[in-house]
Amino acid sequence: MSSAANVAIHPSQFPDAIRRDLLESLRTRRVNHKFHYDSAKQTQKWLALHQAHSPSRNDWDCSTTYERAFAAASERISANPIHLIGLGCGGGQKDARLLGALSRRGKRVTYSPCDVSAAMVQVARDAAQPVVTEKNCFPLVCDLATANDLAEFFAALQSPPVARLITFFGMIPNFEPADILPKLASLVRSDDWLFFSANLAPGPDYSAGVQRVLPQYDNLLTHDWLITFLLDLGVERGDGEVRFSVEDNGDLKRIVARFHFARARRIELDGESFEFNGGEAIQLFFSYRYTPERVRTALAGHGLEVREQWITKSGEEGVFLVHRSGDPAERR
């Protein structure tokens with residue numbers, strides 16, 4: 001393996017764009033989630049949190065559910081070669097397992113790990129190395145929330161075009177559906193597939209299900225990970241505390257974390273001053289919780305249809321294989 005990594009940086013993660021988004025986060029009191037993955041320190045804290053609380057790490061059935069989904073999708077998708085695009089790849093463990101399943105079915109694969117964090121992209125790149133050679137790996141650092149030309153970027157990578165399998169594992173909770181779903185739909189062409197997972201509210205009672213999973217978020221590791229953003233800006237731990245709540249947003253519920261200031265704090269950044277008074281709060285994070293029916297409804301509104309689904313026994317996670325609506329399943 002080469003000692004150097006070739007990683008493309010999309011303009012959405014150029015310094016001017018990062019500065020603009022950071023200032024906007026402080027002005028609006030709503031932190032762009034990408035700033036929780038901005039440094040190697042934050043990445044390591046997220047990975048530790050993921051290891052401790054993610055069902056995919058701690059629920060044997062969740063792990064085997066993904067394996068079943070990967071095996072079934074690799075058998076169903078007949079395209080060869082295939083370009084796997086891992087949107088929000090994180091550490092790339094799921095993508096690497098999927099790449100392995102595709103390879104065992106005789107697929108020739110290329111891989112584009114994409115994340116807002118350069119550190120995450122490099123971790124995902126390394127995870128894929130046993131299956132994907134260096135020349136067939138195209139890492140990309142980008143902000144999915146603001147990058148509007150990804151279709152053109154990915155089209156330029158493959159000439160002639162090859163079928164795509166786009167993964168979006170565990171990402172949908174952290175985006176406003178109206179913002180991210182049109183972008184996903186724009187990337188899925190008629191012969192492409194979307195592999196999509198969502199954190200679910202378990203059980204028949206949606207509200208009770210959201211409350212049941214709240215401890216996966218409201219814990220010391222998550223508090224420590226989220227507050228790192230503010231500490232790096234000069235906020236002190238004694239300035240306030242992180243509090244979680246469950247909120248309604250249309251037909252969906254989401255878990256929200258805010259830092260509530262107990263005393264005044266001024267943040268100075270690039271010549272601008274941001275005053276936070278005692279009693280004020282800044283939104284650090286949110287995570288929507290879906291049900292399988294809500295996933296289907298949300299995707300259908302953007303021309304996407306769930307063809308197969310795999311739900312864990314706990315009901316807390318679902319994996320969905322998605323195609324464009326109206327495209328016959330045989331066109332793959």
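The values are calculated or read from the model by the stated rules, or taken from the named source; none is laboratory data. This one's a predicted model, so the numbers in the text were calculated from it and none came from an experiment. Backbone-built Cβ (ideal geometry, glycine too); neighbour counts: all protein chains shown.
I'm checking my understanding of the structure. Among residues of segment 102-116 that are without any contact (Cβ under 8 Å) to a residue 40 or more places away in the chain and in a strand (DSSP E or B), which one is surrounded by the most Cβ atoms within 10 Å (Cβ to Cβ)?
Taking segment 102-116 as the starting set, the residues that turn out to be without any contact (Cβ under 8 Å) to a residue 40 or more places away in the chain are 103-109, 111, 113-114.
Keeping just the survivors that are in a strand (DSSP E or B) gives 109, 111, 113-114.
Working: 109: 23, 111: 29, 113: 32, 114: 26.
Ranking the qualifying residues of segment 102-116, first place goes to 113.
Pairs under 9 Å by beta carbon, first residue crowded, with 20+ Cβ neighbours inside 10 Å and at pLDDT below 80 in segment 35-50, partner assigned to a helix (DSSP H, G or I) and of a type in the set (Ser, Thr, Tyr), six or more apart or different chains?
none
For (1) at pLDDT below 90; (2) buried (at least 19 other Cβ atoms within 10 Å of the Cβ); (3) within 15 Å of residue 88 (Cβ to Cβ); (4) basic (Lys, Arg), each residue gets a yes or a no:
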position: 160; (1), (2), (3), (4): yes, no, no, no
position: 168; (1), (2), (3), (4): no, yes, yes, no
position: 172; (1), (2), (3), (4): no, yes, yes, no
position: 176; (1), (2), (3), (4): no, no, yes, no
position: 180; (1), (2), (3), (4): no, yes, yes, no
position: 184; (1), (2), (3), (4): no, yes, yes, no
position: 190; (1), (2), (3), (4): no, no, no, no
position: 195; (1), (2), (3), (4): no, yes, yes, no
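Among the numbered criteria (1) of a type in the set (D, E, K, R); (2) within 30 Å of residue 75 (Cβ to Cβ); (3) not in a strand (DSSP E or B), which one does residue 307 miss?
Evaluating residue 307 over (1) of a type in the set (D, E, K, R); (2) within 30 Å of residue 75 (Cβ to Cβ); (3) not in a strand (DSSP E or B) leaves (3) as the failure.
For segment 19-54, what are the residues that are more than 13 Å from the chain's Cα centre (by Cα), part of a helix (DSSP H, G or I) and among the basic types (Lys, Arg)?
Selection gives 19, 20, 27, 41, 45.
Can you name every residue in segment 70-95 that is modelled with pLDDT of 95 or more, among the small types (Gly, Ala, Ser) and either touching a Cys at 6+ places or on another chain (Cβ under 7 Å) or crowded, with 24+ Cβ neighbours inside 10 Å (or both)?
Across segment 70-95, the qualifying residue is only 86.
Hey, can you tell me all the residues within segment 117-131 that are over 24 Å from residue 161 (Cβ atoms), out of contact with any Ser or Thr (no Cβ under 8 Å at 6 or more places or on another chain), in a helix (DSSP H, G or I) and not acidic (Asp, Glu)?
The first filter runs over segment 117-131 and keeps only residues over 24 Å from residue 161 (Cβ atoms), leaving 117-120, 122-123, 126-127, 129-130.
With out of contact with any Ser or Thr (no Cβ under 8 Å at 6 or more places or on another chain) added as a condition, the list becomes 118, 122, 126-127, 129-130.
So of that shortlist, the ones also in a helix (DSSP H, G or I) come out as 118, 122, 126-127.
The answer is 118, 122, 127.
State which residue is surrounded by the fewest Cβ atoms within 10 Å (Cβ to Cβ) when the search covers only segment 232-271 and only residues that are part of a strand (DSSP E or B) and either in contact with a Cys (Cβ under 8 Å, 6 or more places away or on another chain) or of a type in the set (Lys, Arg) (or both). Give the derivation first.
Within segment 232-271, the subset part of a strand (DSSP E or B) is 240-249, 252-261, 265-269.
This time we only want the ones that are either in contact with a Cys (Cβ under 8 Å, 6 or more places away or on another chain) or of a type in the set (Lys, Arg) (or both), so: 243, 253-254, 258, 265-266.
Details: 243: 14, 253: 21, 254: 18, 258: 22, 265: 21, 266: 11.
By that ranking, first place goes to 266.
Got at least one residue in segment 200-212 being modelled with pLDDT of 95 or more, in a strand (DSSP E or B) and surrounded by fewer than 18 Cβ atoms within 10 Å (Cβ to Cβ)?
no
Would you be able to tell me the number of residues in segment 55-88 that are outside any helix (DSSP H, G or I) and under 16 Å from the mean Cα position of the chain (by Cα)? Walk me through how you get there before you give the answer.
Residues of segment 55-88 outside any helix (DSSP H, G or I): 59, 77-88.
If we keep only those that are under 16 Å from the mean Cα position of the chain (by Cα) as well, we get 84-88.
Summing the residues that are outside any helix (DSSP H, G or I) and under 16 Å from the mean Cα position of the chain (by Cα) in segment 55-88 gives 5.
Per-residue answers, yes or no, for (1) over 18 Å from residue 45 (Cβ atoms); (2) touching a residue at least 40 places away in the same chain (Cβ under 8 Å):
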residue: 222; (1), (2): no, yes
residue: 225; (1), (2): no, yes
residue: 229; (1), (2): no, yes
residue: 234; (1), (2): yes, no
residue: 237; (1), (2): no, no
residue: 247; (1), (2): yes, no
residue: 253; (1), (2): yes, yes
residue: 256; (1), (2): yes, no
residue: 281; (1), (2): yes, yes
